[in-house]
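Data first, discussion second: the structure below is written as structure tokens.
The values are calculated or read from the model by the stated rules, or taken from the named source; none is laboratory data. The structure presented is a predicted model; accordingly, all values stated were derived computationally and were not measured. Quick reminder, even Gly has a Cβ in these numbers, built from the backbone with ideal geometry, and neighbours come from all protein chains shown.
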């Protein structure tokens, strides 16, 4: 098995493609010899930072916390030093860590050629677990199954440390020597980055705007004309929506309007859930399930009902 590697994890703003925390552990001969944890300033407005409130709710990272932190350009040399031409371990690498790293590096390489020789092999513990017939492959679930302590899930350093230990356990208990790693290099960066270099709003936020535009609704008159919009049974047709963190009055009123618009309102998050709408007091368990099951989450304020 691999006994020398670097396990990495990033917390990030998915809507902007910007990293807000980096964590990694360097493993030599199966032992952790170096650790790193750093907040990163995404250089965005407060409004953009909270565009997807789930990120701050889950990680505990606030807009104020990153204002004095270094930028990704500042911390990239340190990260480059440990991952370049090394074996890298990450959990959910393609959809999360390698994807966000590609976005950040694509942005940098558009303005500078520094460190343009970046390349490494990445082993994804989620993909390895799936290849071993695990049906639930969230990091917290696998750590519990393999008796690995996960001290602070969604803290970049804690997740990186847990990922390193998980990889060691998977390698010790199963034959993964023939597992094919993901090759991360300039081609990978530009293939991924070129397709996702633009900042994107969450799907349902965009959908709301498109619906308003289609119905020729002036944003300044949205409240006045809302009743006409919401009477359409197709806007949220067949969406299975969970509301959390709202006041009782708001939850009851919003549930009624969403139901009239075709939505199915549920109290708990299941595999059939397609959207979660959160208020200021959103439940941690529901947000956790949303991230594990890749369910879109939007702020209550994004729905102008």
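Of the strands (runs of 3 or more DSSP E) lying entirely inside region 221-305, those containing at least 1 residues that are under 18 Å from the mean Cα position of the chain (by Cα), within 24 Å of residue 59 (Cβ to Cβ) and modelled with pLDDT under 80 span 297-299.
Considering each residue of region 17-37 in turn, none proves to be within 14 Å of residue 156 (Cβ to Cβ), touching a residue at least 40 places away in the same chain (Cβ under 8 Å) and outside any strand (DSSP E or B). Taking each residue of region 130-145 that is closer than 11 Å to residue 166 by Cα and looking for partners that are in a loop (DSSP other than H, G, I, E, B) with beta-carbon atoms closer than 6 Å, six or more apart or interchain, yields 139/91; 140/150; 140/153; 143/150. Inspect region 24-35 for any residue being modelled with pLDDT of 95 or more, farther than 19 Å from residue 122 by Cα and more than 16 Å from the chain's Cα centre (by Cα) and give the result as yes or no. Within region 24-35 (the criterion being modelled with pLDDT of 95 or more, farther than 19 Å from residue 122 by Cα and more than 16 Å from the chain's Cα centre (by Cα)), the answer is yes, since at least one residue qualifies.
From the list 150, 142, 132, the lone residue that is surrounded by 21 or more Cβ atoms within 10 Å (Cβ to Cβ) and at negative phi is 142. Of all the criteria given as (1) over 23 Å from the mean Cα position of the chain (by Cα); (2) surrounded by 14 or more Cβ atoms within 10 Å (Cβ to Cβ); (3) at pLDDT below 55, the one not satisfied by residue 208 is (1).
Can you tell me which residue among 92, 110 is surrounded by 20 or more Cβ atoms within 10 Å (Cβ to Cβ) and either more than 24 Å from residue 34 (Cβ to Cβ) or at pLDDT below 95 (or both)? It would help to see each step written out before you state the result.
Values: 110 fails: surrounded by 20 or more Cβ atoms within 10 Å (Cβ to Cβ).
Every option except 92 fails the conditions.
Kindly indicate whether any position in region 150-171 is at pLDDT below 90 and within 23 Å of residue 29 (Cα to Cα). Within region 150-171, one or more residues are at pLDDT below 90 and within 23 Å of residue 29 (Cα to Cα). Tallying residues that are within 30 Å of residue 65 (Cα to Cα) and either in contact (Cβ under 8 Å) with a residue 40 or more places away in the chain or surrounded by fewer than 18 Cβ atoms within 10 Å (Cβ to Cβ) (or both) within region 163-191 yields 4.
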